[in-house]
Each structure stands twice: as structure tokens, then as C-alpha cells.
Amino acid sequence: MEPIKLKTPLTKEVVGQLRAGQSCLVSGVIYTARDAAHKRLVEMLERGEELPFSPEGQLIYYVGPCPAPPGRPLGAAGPTTSARMDIYTPTLLAAGVRGVIGKGDRSPEVVQALKEYGAVYFGAIGGAGALIAKTVVAAQVLAFPDLGPEAVHRLEVKDMPLVVIIDSLGQNFYTLGRAKYATV
Amino acid sequence: MHTIKGERITQAVAQLFIRANRELPPDVCAALAQAAQREESPLGRQMLASLVENARLARTEQMAICQDTGMAVVFVELGRELRVVGDLYEAINAGVAAGYREGYLRNSIVRHPLDRVNTGDNTPAVVHLLLTPGNKLKITAAPKGFGSENMGGIALLKPAQGRQGVVDFVTGVVSAAGANPCPPVIVGVGLGGTMEYAAFLAKRALLREVGAPAANPLDRELEVELEREVNKLGIGPQGFGGRVTAFAVHVESYPTHIAGLPVAVNLNCHAARHQEIVLEGEEE
């Protein structure tokens, strides 16, 4: 099946049509954040401050990239394990973030928040750091430069390959895919 | 007696980590290709093809295979007739710092597990030192990502739980890990010894050529059974469902106490990175 082409920012309507297991190619601007940046972003929201980027319709990518080698916008940039961000995700989805990108399963609270806010959880290819970096057209540090690889980066991507893991109905592709092939 | 200068060790370690992070070993590339042949899930096959392409890109464009360039694990086999001039651990850490800087590799180490301040040069390394016969120095660099490291486990089983207890525990660890450790994985199993020695054996098992059988016949039988059981889980490449959850299971064992059956599981993601070099000293 041909992958679905998506352009950020994403509307609730577009995300509402995505289904667990579909392959997508995402283009446009996305924002990176992992453990330390999530803590700060959520603290900013709790204090009523503006985030470094307007969250409405945006995608957050869980990644701590390698430093950019000469002549490249970014080094290797594959997904990190999403579960560490579970406690922060519902707050960011409530603020308008339309989707998150990582790898690995999510908590029931995150699934509930995805349904409530009409958002999506995408999987990027874990361990394909070089391949994914080739889809990054431009990169800049947007906030928290003191966090080094954990800083919030603004990435411009072209045809970044993703798979819908948990859709806005709460359907989980890890569960569905595994059930299809398990023989125990 | 032979001697070797610390600077030579530093240079070798720097190059090993750069190479390990950019060049997937041939046995791991072969494991990816073989997995693609037996995987039944179309999406799983597509993911394996992407990983082959990722390895090719990393090698030809000199980029890191994965952004998690790991904690630097170093196995050192030091010949008893070789003397290191200077501090071996300092020489290794200087090599790690240089390699991560020159190779544009990510610094992922924090100075204390609780205050979490990045050390800025990916040091210190975790060094395992073994004394061996002869006058050579073998260094194996194994950068270890924490997506897979976090999903390992250890159990101190009762002897009565026996082989079935081991099979159930190992399968349970892989099952609970799901997509997190970036499957297909290599499952390192350490059996026996003490608690910390079982964990060491599990790590060392990951260095073996993918799928090469254990020396001990009991371990070999266990490897066959575990590989079969783990691949029944249906987790598949990337956890998207499929037949190939593990490329291989490697078991290493050691004598243990009459009262114990320690078993440790250390998982390695599909990017099983390691490089080694043998250095010769100069005659004194």
C-alpha cells in the first residue's frame, strides 16, 4: 500500500482519518524534545508561559540527535523510547500538539489523551538514525541549548517515513501486529 | 616482558569507537539479510530493508548508524607479559573522549544517576579487564545504546526452577520489552556465577558472532530452545508484528553455588555494534 503523504501542521480532521498500521511520509516542520526538554516544556505550561513554539497542530519528535558533521544539517536522528515521556504527553496534547513521534509502547493515560484530543502516535524506524537524518532538510536549536543533544530543535523534514502506532480511536498497532504473528 | 604506551591505546580506542558507530559488522549485516528472507510480515520485511539501507548509508557517508552512540563498553584482554606504560583506564577514557569528539558522536553520559549533568565527552567508559596468556593486548569496543540496555533483567532463581524457569524468565523479559529495544534483537543470557557475574556473562555473550553456538552443549541446547520460544512471541521487526523477534540467543554459563541459579538477560538492538583490535607491545 502506498504511504500517505502528510504536511505539518496537521488538522484534527486529517489525524482523525489515520489508522493504526498505516505508513506515512511526513514533510514540513517538526520539533524535537526528549526527557529533559519535556520536563521544562511542561513546567512552562504549568506556569502559564508561552512555549518556544506554538503547539497547535504540531508534531513532537522524541530524539536526541548526534552533532551535525561538516556539510550536514544534523547527525543521526532516530527515535528514542517514548515511554519515558508518558507522564508529560497528556499535558502537551492538551496544549494543542497534534501528534508525537517515537518508538515503543505508551501508557493507558497517553492512549486516553490521544483519543480525547484527536491526536496520533507515530513510530519512526528505531535504529535507522542515518536514514532518518537524510530526510532532515534543515535543523536549528530553538530552545534550551544548555541541554546539548536534548535541546529543542526545529527540524524541516521531507518525506520522513513513519508508521501510525496508536490512532485517535486508541487502536494500537503493536498489539494488533503482534497478535497476528504470535504463536504462543 | 613487552611494553605498550598509553597513547597507542588511546588512539586505538578512539578509532574503534568511531568505526563501531559507523560500520555495522559483517555478521550483523548478514543477520539482517537472513531475517529479511524468513520474515513473513511485508511491513517487517520493509523495515529490515530500511535497516540494511541505513547501515549502507552510515558506512558510505560516515555517519552514525544510530543517534544513541551508547555508553562506551570496553573489553580488554591484557597479556600477562605486557606492561602498560601509564594508566590503562585513563588511556581508554582519553580514547573515548577523542573518538566521540572527532566522530561527531553523541555524548550521552551523565556524571551521577541522580543529578544528571552531562560529562560532555561520553566518559567514563565501562571497562572489563581480563588477564590472558602472552604479550598482546586485545581491545573490543562495544558502544551500548540504552533503548535495549534498559529492557534487560536479572533473576535469582531457585535451583528447582531449573531449565524451564530459565526459559520462562528469558522469554518473559523479551516479551515485556516489546518494541522498545529495537527488534530484531540479540538476546544475551548469562547463567550461573553470582548476581553481578551473570550480568557480565550476558553482556559478553552479545560480543559473539551473531548465531555462533555456545561451546558448552547444555548452553547450545538452551540457545536453540530459547530462540524458538522468543520467536513465537510475534513481536517482529520494530515490534510491528512478525516472525523474527530475535536474530539469535547467546548463552554463556559459569559454575554457581549449590543454592542458586542466577540468570541475567542483556538485550542488544539490531544495531549490534562492536569492533576489536589486537595490539602488540615492544620488547623491553
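The values are calculated or read from the model by the stated rules, or taken from the named source; none is laboratory data. These figures come from a predicted structure and were not determined experimentally. A quick note on method: Cβ atoms are made from the backbone with ideal geometry, for glycine too, and the neighbour counts reach across all protein chains shown.
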Checklist outcome for this item: Listed by first then second residue, the pairs whose first member lies in the stretch B:263-284 and is in a loop (DSSP other than H, G, I, E, B), whose partner is modelled with pLDDT under 95, with beta carbons under 7 Å and at least 6 positions apart or on separate chains, are B:Glu284/B:Met1
Item to check | Only one of A:Ala143, A:Ala151, A:Ala133 that is away from chain B (no Cβ under 14 Å) and farther than 18 Å from B:Pro237 by Cβ | outcome: A:Ala143
Item to check | Checking A:Val42 against (1) in a helix (DSSP H, G or I); (2) within 18 Å of A:Lys158 (Cα to Cα); (3) β-branched (Val, Ile, Thr), the condition it does not meet | outcome: (2)
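What do you reckon, is A:Pro69 free of Cβ contacts under 8 Å to residues at least 12 places away in the same chain and either surrounded by 24 or more Cβ atoms within 10 Å (Cβ to Cβ) or assigned to a loop (DSSP other than H, G, I, E, B) (or both)?
The answer is yes for A:Pro69.
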Item to check | Failed item, numbered, when A:Leu169 is tested on (1) over 26 Å from A:Leu18 (Cβ atoms); (2) more than 9 Å from every other protein chain (Cβ to nearest Cβ); (3) outside any helix (DSSP H, G or I) | outcome: (1)
Checklist entry - Can you tell which of B:Leu157, B:Leu191, B:Leu130, B:Leu218 is crowded, with 24+ Cβ neighbours inside 10 Å and over 27 Å from B:Cys66 (Cβ atoms)? => result B:Leu191
Next on the checklist: Given the criterion over 24 Å from A:Lys7 (Cβ atoms) and in contact with a helix residue (DSSP H, G or I) (Cβ under 7 Å, 6 or more places away or on another chain), identify the matching residue among A:Arg98, A:Arg106.
Outcome noted: A:Arg106
Checklist outcome for this item: Selection over the stretch A:1-39 where residues are touching a Lys or Arg at 6+ places or on another chain (Cβ under 9 Å), part of a loop (DSSP other than H, G, I, E, B) and surrounded by fewer than 16 Cβ atoms within 10 Å (Cβ to Cβ) yields a count of 1
Next on the checklist: Given the criteria buried (at least 18 other Cβ atoms within 10 Å of the Cβ) and either in contact with a helix residue (DSSP H, G or I) (Cβ under 9 Å, 6 or more places away or on another chain) or of a type in the set (Phe, Trp, Tyr) (or both), does A:Leu92 qualify?
Outcome noted: yes
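State yes or no: is A:Val15 modelled with pLDDT of 95 or more, touching a strand residue (DSSP E or B) at 6+ places or on another chain (Cβ under 9 Å) and within 14 Å of chain B (Cβ to nearest Cβ)?
Answer is no for this residue.
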Item to check | Flag for B:Gly234 being free of Cβ contacts under 8 Å to residues at least 12 places away in the same chain, in the same structural domain as B:Asn180 (by TED's automatic domain parsing), buried (at least 19 other Cβ atoms within 10 Å of the Cβ) and not in a strand (DSSP E or B) | outcome: yes
Checklist entry - Are any of the residues in the stretch A:65-81 more than 13 Å from chain B (Cβ to nearest Cβ) and more than 12 Å from the chain's Cα centre (by Cα)? => result no
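Mind checking which residues of the stretch B:37-58 are under 21 Å from A:Gly78 (Cα atoms) and either away from chain A (no Cβ under 12 Å) or not small (Gly, Ala, Ser) (or both)?
Of all residues in the stretch B:37-58, those under 21 Å from A:Gly78 (Cα atoms) come to B:43-58.
Once the filter is applied, which keeps residues that are under 21 Å from A:Gly78 (Cα atoms) and either away from chain A (no Cβ under 12 Å) or not small (Gly, Ala, Ser) (or both), the stretch B:37-58 yields B:Leu43, B:Arg45, B:Gln46, B:Met47, B:Leu48, B:Leu51, B:Val52, B:Glu53, B:Asn54, B:Arg56, B:Leu57.
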Checklist entry - Could you list, in sequence order, the residues of the stretch B:242-262 that are closer than 15 Å to B:Gly192 by Cβ and either hydrophobic (A, V, I, L, M, F, W, C) or within 16 Å of the chain's Cα centre (by Cα) (or both)? => result B:His250, B:Val251, B:Glu252, B:Ile258, B:Ala259, B:Leu261
